[in-house]
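Chemist: The structure that follows is given in the form of structure tokens.
The values are calculated or read from the model by the stated rules, or taken from the named source; none is laboratory data. Values in this document were obtained by computation on a predicted structure and should not be read as measured data. A quick note on method: Cβ atoms are made from the backbone with ideal geometry, for glycine too, and the neighbour counts reach across all protein chains shown.
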Amino acid sequence: MKHRTFFWFFLPTALAMLVFIAAPLVSIIMQSVFVPHEAVLIESENCGPFGCTKSTTVDQEATAQLRADQPLGRFVGFDIYKDRGHLATAEVGNAWRSSDSFGDFFSALGNLPFYRSLAFTLTYTFVCTPLLIMLGFAIAVGVNSLNKAVKGFVIFFSLLPMIVTPLVGALVLFWMVDSRGILGNFLSYLANDPTLSLKASTPLMWISLIVYGIWSSAPFAFVVFYAGLQTVPQDTLESAQIDGATRWQQIRYVIIPHLMPLVTFVALIQLMDNFRVFEPIIGFSAEAHATSLSWIIFNDLGGETRQLTAAATTSVLTVIGVAILLSPVLVRTWRDFKGKAH
Amino acid sequence: MFMKKVALAAILATTSTMAYADGHGCSINARVSIVGNEFPAIQTVGAGAQECSGAEVTTNLTADHQKINVAGMSGNPAEYTSAIIANSSIVALMNEDVIRPLDDLVAKHGDGIKPNQLITINGKVMAVAFMANAQHLVYRADLLEKAGLEVPTTYEDMLAAAKVLRDQGLAENPVGGAYKAGWNLAQEFNNMFLGYGGSHFKDGSAEPNVNSEAGIKALEMMKALSEYMNPDFLTHDSNATNAEFRAGNVAVMNMWGSRAATMTDAEGVPQEVVDGFAIAGPMTVGGGSIPASTLWWDGWTVAKNISDEEAEATFIAMKHAIRPEILEDEEVAKQAVWLIDGYEPTEAAVGVFAAAQANTIPYPMLPYMGLMHTALGAELTDFMNGSESAEQALADVEAAYTAAAKEKGFLQ
């Protein structure tokens, strides 16, 4: 393609990327290095239905002056990145020096909000992604071998988890695993423990969230693989059959190698998606047992006093996390590209 | 003849609109947009403001109001012209300077508002309160009677009662509590902490002070109570706890006055729950005399970043919504402990009145209290889960609060 033609083709995309990707990135990076001005506090007398009390309030006039002088706030560099709510460099250093064993060190890390949520986020990402790929593949192979009459119906049914709004899907499952819900009751019957509660136990809550994650994302993998299955070369498949390959051998040596690029694609998208896990935590009210990076951002912005800088810092760290996660795939794509160029 | 008809029609039209406006006693000429929490009394106020004619009145009443009100009032012009808030949430609006002083509007349109409804901060009226609220005991009189128990007046009594109720098989999990991780859990801690005589900050400063004897005792009492709660308690907010009570699973619990009145109104509540439902004052703890609860007011504000016409229209509509005549409706009268002129306490109000009479401490209206509340909500769960000691949990709260307060410029 001529450079000129390429330029005009690419321009709309480039503009959209500038507005929707580059600008927000610049914005969160800016917000993460500036914090609000030091509060000018004054003593005040507050009166209301319960009488008057001496209290403290923010001096609005002085603050307005500060804000007018420096509209961005105080520049603090990487201070917020290093504070306890984020990378907690000082706390991690202390934990390292004072811990006798790795176990101690990791339990000290688990007490810091960022590392605790990172632990869940990574577990969720790396357990969900392979399992949902396998499940999606199994469904795709199964559906592909169905007879035409029921195929459409089964496809629609398999796509349902993806059609349901994530938050609603999470709530549905939340009520089902409630100690009085159908699944919760069934599990406590199986375990023969009437006090068993999924919502009160951290490991069970993690498992519920992961099960939800697989359930809600498997249809995506299924759709992609199902489309891929339609392109499997019939000649190769037939010759494999003539050579006496079993069904399993056909899948292992013909279908899977053919679908490998799609597996990479699904893994890429799902790694990104799962790293941003958020809705199930809200839907399951799982804050006490599992938090994610996205949940921290939500919590910082949702308190009575919003912490914009803290939220922006966690956002930047999330972006960096996604970049690290995707780097192996990106490197590979880049190598393939270079390979083709030669 | 034609002209006459037109004139007549015009006169008829104007008189009919006038009549319409008179009928509701409220006409405005600029938009009003309200954001607020959603419980019955606030819904009444929202609907009252919408009776006004002449311009559009929209409401957005949601439990997530605190997540959107500052953002919705920061723009110029602001999306919301009024936020219905409480003594905790007004602080965020004050910190960000998005609400306007109401002195001029009170002088012009404020007749009928009682002086103690006016929330003044440093001499300026910043909000108009319309109801008082507090958490207090609600219980099942029938179950307590069956077990031969007195109505608990202290948390120690409540704990003892819970044991008896469970041992006698009257209720598996007799204690209810809005202990959901986050805001609710932090609020229950605040109650208990103040009941033990704690104070959140070192005198006159923003330095945290929760890692103290009172803090540890408060956590231990909460933990002891939670043993008698539904094991899912860390996922139960006020709505879920109420549902447990309505289902007849709970015998004693600390609940908001604003929710107590309508507790048994829902559909499908068993008759014994309706009949046995009773309200009492807040409980004390650890031999203290001040109840382990906090006093609240709910009121409305007017946004700063709007035109004077909109501010005036908002004031008129909101004042209309809390006019004394709304109390003529019995349903409305029992929805809350109204601060409105002419309010006669109903049976449902005994809890909040008892709280006020027992000198319950109002929820602290400090610029940095919101950060403390958030830190408590996020860091106490490890202790309630049993994976951390009380001292460690409180040390974490102080560390999380300090990091946040440094960011917001309250601590150096």
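Chemist: Applying the selection to the range B:46-76, what residues are aliphatic (A, V, I, L, M), over 26 Å from A:Gly303 (Cβ atoms) and buried (at least 21 other Cβ atoms within 10 Å of the Cβ)?
Modeler: The answer is B:Ala49, B:Val57.
Chemist: If you don't mind, another one. State whether one or more residues within the range B:1-18 are touching a Lys or Arg at 6+ places or on another chain (Cβ under 8 Å) and modelled with pLDDT of 50 or more. It would help to see each step written out before you state the result.
Modeler: Residues of the range B:1-18 that are touching a Lys or Arg at 6+ places or on another chain (Cβ under 8 Å), as a first pass: none.
The answer is no; no qualifying residue exists.
Chemist: How many residues does the range A:95-124 hold that are without any contact (Cβ under 8 Å) to a residue 12 or more places away in the chain and farther than 22 Å from A:Val316 by Cα?
Modeler: Total meeting the criteria: 12.
Chemist: Still on this model: Inspect all residues belonging to the range A:272-280 and state whether any of them is among the acidic types (Asp, Glu), away from chain B (no Cβ under 11 Å) and part of a helix (DSSP H, G or I).
Modeler: Yes: the range A:272-280 contains one or more residues that are among the acidic types (Asp, Glu), away from chain B (no Cβ under 11 Å) and part of a helix (DSSP H, G or I).
Chemist: Please work out if A:Val164 is in contact (Cβ under 8 Å) with a residue 40 or more places away in the chain and either touching a helix residue (DSSP H, G or I) at 6+ places or on another chain (Cβ under 7 Å) or not acidic (Asp, Glu) (or both).
Modeler: When the stated conditions are applied, A:Val164 passes them.
Chemist: Continuing with this model, one more query. Report, by residue number, each residue of the range B:390-411 that is touching a helix residue (DSSP H, G or I) at 6+ places or on another chain (Cβ under 7 Å) and either part of a loop (DSSP other than H, G, I, E, B) or closer than 30 Å to B:Thr120 by Cα (or both).
Modeler: Within the range B:390-411, B:Tyr401, B:Ala404, B:Ala405, B:Glu407, B:Lys408, B:Leu411 meet the criteria.
Chemist: Quickly run through the range B:305-340 and pick out the residues that are touching a residue at least 60 places away in the same chain (Cβ under 8 Å), hydrophobic (A, V, I, L, M, F, W, C), farther than 26 Å from B:Val70 by Cα and surrounded by fewer than 24 Cβ atoms within 10 Å (Cβ to Cβ).
Modeler: Listed by number, the residues that qualify are B:Ile326, B:Val332, B:Ile340.
Chemist: Restricting attention to the range B:207-218, which residues are surrounded by 24 or more Cβ atoms within 10 Å (Cβ to Cβ) and aliphatic (A, V, I, L, M)?
Modeler: Correct list: B:Val210, B:Ala218.
Chemist: So which residues in the range A:281-306 are of a type in the set (Val, Ile, Thr), part of a helix (DSSP H, G or I) and either out of contact with any Pro (no Cβ under 9 Å at 6 or more places or on another chain) or at pLDDT below 90 (or both)?
Modeler: The first filter runs over the range A:281-306 and keeps only residues of a type in the set (Val, Ile, Thr), leaving A:281-282, A:291, A:296-297, A:305.
Applying the additional criterion that residues be part of a helix (DSSP H, G or I) yields A:281-282, A:296-297.
Within the range A:281-306, A:Ile281, A:Ile282, A:Ile297 qualify.
Chemist: Quickly run through the range B:211-228 and pick out the residues that are out of contact with any strand residue (DSSP E or B) (no Cβ under 9 Å at 6 or more places or on another chain) and part of a loop (DSSP other than H, G, I, E, B).
Modeler: Result: B:Asn211, B:Ser212.
Chemist: A further question on this structure: Have a look at B:Gly268, B:Gly276 and point out the one that is modelled with pLDDT of 90 or more and not aliphatic (A, V, I, L, M).
Modeler: B:Gly276
Chemist: Follow-up question, since we're still on this one. Among the residues of the range A:64-86, what is the count of those that are more than 8 Å from every other protein chain (Cβ to nearest Cβ), in a loop (DSSP other than H, G, I, E, B) and under 29 Å from B:Gly204 (Cβ atoms)?
Modeler: Qualifying residue count, the range A:64-86: 3.
Chemist: A further question on this structure: Taking the condition within 24 Å of A:Ile255 (Cβ to Cβ) and either of a type in the set (A, V, I, L, M, F, W, C) or touching a Cys at 6+ places or on another chain (Cβ under 7 Å) (or both), does A:Ala191 pass?
Modeler: So A:Ala191 fails the test.
Chemist: Quick check on the range A:59-81. Is at least one of its residues crowded, with 17+ Cβ neighbours inside 10 Å and at positive phi?
Modeler: Scanning the range A:59-81 turns up at least one residue that is crowded, with 17+ Cβ neighbours inside 10 Å and at positive phi.
Chemist: Could you grab me the full set of residues in the range A:252-275 that are among the aromatic types (Phe, Trp, Tyr) and within 16 Å of A:Leu229 (Cβ to Cβ)?
Modeler: Residues satisfying the conditions are A:Tyr253, A:Phe265.
Chemist: Checking the conditions here, which among B:Glu38, B:Glu79 is in contact with a helix residue (DSSP H, G or I) (Cβ under 6 Å, 6 or more places away or on another chain), part of a loop (DSSP other than H, G, I, E, B) and not assigned by TED's automatic domain parsing to the domain that holds B:Thr262?
Modeler: Numbers: B:Glu38 fails: in contact with a helix residue (DSSP H, G or I) (Cβ under 6 Å, 6 or more places away or on another chain).
B:Glu79 is the lone residue from the list that is in contact with a helix residue (DSSP H, G or I) (Cβ under 6 Å, 6 or more places away or on another chain), part of a loop (DSSP other than H, G, I, E, B) and not assigned by TED's automatic domain parsing to the domain that holds B:Thr262.
Chemist: Please determine whether any residue of the range A:43-63 is of a type in the set (A, V, I, L, M) and over 30 Å from A:Phe105 (Cα atoms).
Modeler: yes
Chemist: Let me ask you something else. Mind telling me which of the residues B:Ile99, B:Ile84, B:Ile34 ends up being of a type in the set (Val, Ile, Thr) and in contact with a Phe, Trp or Tyr (Cβ under 6 Å, 6 or more places away or on another chain)?
Modeler: On inspection, the qualifying residue turns out to be B:Ile84.
Chemist: I've got another one for you. For residues in the range A:14-63 being facing another protein chain (nearest Cβ under 10 Å) and assigned to a helix (DSSP H, G or I), which is nearest to A:Gly77 (Cα to Cα)?
Modeler: Across the range A:14-63, the extreme among qualifying residues is A:Thr63.
Chemist: Restricting to helices (runs of 4 or more DSSP H) lying wholly in the range B:229-281: which have 3 or more residues that are within 13 Å of another protein chain (Cβ to nearest Cβ)?
Modeler: In the range B:229-281, B:238-246 are the helices (runs of 4 or more DSSP H) which contain 3 or more residues that are within 13 Å of another protein chain (Cβ to nearest Cβ).
Chemist: Just checking, does the range A:281-288 include any residue being more than 11 Å from chain B (Cβ to nearest Cβ), free of Cβ contacts under 8 Å to residues at least 24 places away in the same chain and not hydroxyl-bearing (Ser, Thr, Tyr)?
Modeler: No, every residue in the range A:281-288 fails to be more than 11 Å from chain B (Cβ to nearest Cβ), free of Cβ contacts under 8 Å to residues at least 24 places away in the same chain and not hydroxyl-bearing (Ser, Thr, Tyr).
Chemist: Could you check, for the range B:360-371, whether at least one of its residues is of a type outside the set (A, V, I, L, M, F, W, C), within 12 Å of chain A (Cβ to nearest Cβ) and free of Cβ contacts under 8 Å to residues at least 24 places away in the same chain? Lay out the reasoning, then the answer.
Modeler: Kept after step one, since they are of a type outside the set (A, V, I, L, M, F, W, C), are these residues of the range B:360-371: B:360, B:362-364, B:367-368, B:370.
Cutting the leftovers down to within 12 Å of chain A (Cβ to nearest Cβ) gives us B:360, B:362-364, B:367-368, B:370.
Pick out the ones that are also free of Cβ contacts under 8 Å to residues at least 24 places away in the same chain and you get none.
No, there is no match, as no residue in the range B:360-371 is of a type outside the set (A, V, I, L, M, F, W, C), within 12 Å of chain A (Cβ to nearest Cβ) and free of Cβ contacts under 8 Å to residues at least 24 places away in the same chain.
Chemist: If you don't mind, there's one more thing I want to ask. Here are A:Met272, A:Met260, A:Met205: which of them is among the hydrophobic types (A, V, I, L, M, F, W, C) and free of Cβ contacts under 8 Å to residues at least 40 places away in the same chain?
Modeler: On the way: A:Met272 fails: free of Cβ contacts under 8 Å to residues at least 40 places away in the same chain; A:Met205 fails: free of Cβ contacts under 8 Å to residues at least 40 places away in the same chain.
Being among the hydrophobic types (A, V, I, L, M, F, W, C) and free of Cβ contacts under 8 Å to residues at least 40 places away in the same chain holds for just one of A:Met272, A:Met260, A:Met205, which is A:Met260.
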